[in-house]
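**Student:** Input: one structure, supplied below.
The values are calculated or read from the model by the stated rules, or taken from the named source; none is laboratory data. These figures come from a predicted structure and were not determined experimentally. Cβ coordinates were reconstructed from backbone atoms using ideal geometry, including for glycine residues, and neighbour counts include every protein chain displayed.
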Amino acid sequence: MSYDRWLRDDAPEGSRNKLRKRKCTLRETGNNSWMMMALASMSLAGILAIQVALLSMRVLTTPSMTVQDTVVVQSLPTSVPTQASARSTATVVATPLTGSFLTPSPTFTAKPAIYHLPVNAAQNLPGLDTEIDVTVGEQLSITTQGWASSRVQGMSCNGTALTNPNGLPLVSASSCFPKMSTSAVLSSAPLGELIAGIRPSGATVPKQWFAVGSSFSGKIQTSGRLFLLYNDNPGNYGENSGSYQVTIMLASS
């Protein structure tokens, strides 16, 4: 039976008043229930939004890998996870870089040392100190250019002759035979040829003289200081003039 029936005019006044109060109470109770349900729904949405924000911050603040690692983060699911499953949603996988990302360390090769200096034909013994220290096994290369002058006697070349680094004399624009001398610093080489010698540590003069000429290349057999000299008889250097232009290249073994 509805309350409206008891609220008719023919119902007793006392009964109608009680029923009115009870109906108002039921309406207020219903309205409060709807409000509580709405608040509960809003609270749940707020909690879920906070959880999603915290999860995003956890992903963004994941410790960075080293430069040799790659960080891969899985994407969030479309549905909002519960608090229990949100912790396992974001995973970090470290994968070493391979292929073109790895550049091998460059290897450096020592360049040979190069020296340029003149050798005066009037330079007396012990010769020109190049101030170059050589070591056994090093590769020595020498190239020589220029003309010097020396007194040449004998054969058909008498007088003052120009000589090239190989000791070939030239008198009055005519070439002559190379002049050999048993008294020369290096008797196996012509007079006027460029020669070299090495002064070992502790020695006062170079030893093991060898012919250089216009070009020489070979490995060092004795460690020490390198000297260069215009080949001639000792005591005759005051009669010479001119110089050779020498380039020395020294490379480690």
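**Student:** Can you list the strands (runs of 3 or more DSSP E) found entirely within segment 162-253 that contain at least 3 residues being over 38 Å from the mean Cα position of the chain (by Cα)?
**Tutor:** Result: 169-171, 194-199, 207-211, 224-230, 241-251.
**Student:** Related question: Go through segment 223-232 and give me each residue that's of a type outside the set (A, V, I, L, M, F, W, C) and surrounded by 15 or more Cβ atoms within 10 Å (Cβ to Cβ).
**Tutor:** The answer is G224, R225, Y230, N231, D232.
**Student:** (1) touching a Cys at 6+ places or on another chain (Cβ under 9 Å); (2) at pLDDT 85 or above; (3) among the aliphatic types (A, V, I, L, M): which one isn't true of A203, the others all being true?
**Tutor:** Condition (1) is where A203 drops out.
**Student:** Mind listing whichever residues of segment 200-222 are of a type outside the set (F, W, Y), in contact with a Gly (Cβ under 6 Å, 6 or more places away or on another chain) and crowded, with 18+ Cβ neighbours inside 10 Å?
**Tutor:** P206
**Student:** Within the group G213, G202, G218, which residue is free of Cβ contacts under 8 Å to residues at least 12 places away in the same chain and within 25 Å of S253 (Cα to Cα)?
**Tutor:** That would be G202, the only listed residue that is free of Cβ contacts under 8 Å to residues at least 12 places away in the same chain and within 25 Å of S253 (Cα to Cα).
**Student:** Quick one: is G197 surrounded by 13 or more Cβ atoms within 10 Å (Cβ to Cβ), touching a Lys or Arg at 6+ places or on another chain (Cβ under 7 Å) and at pLDDT 90 or above?
**Tutor:** yes
**Student:** I've got another one for you. Does any residue of segment 116-133 turn out to be modelled with pLDDT under 95, surrounded by 12 or more Cβ atoms within 10 Å (Cβ to Cβ) and assigned to a strand (DSSP E or B)?
**Tutor:** No - not one qualifying residue is present in segment 116-133.
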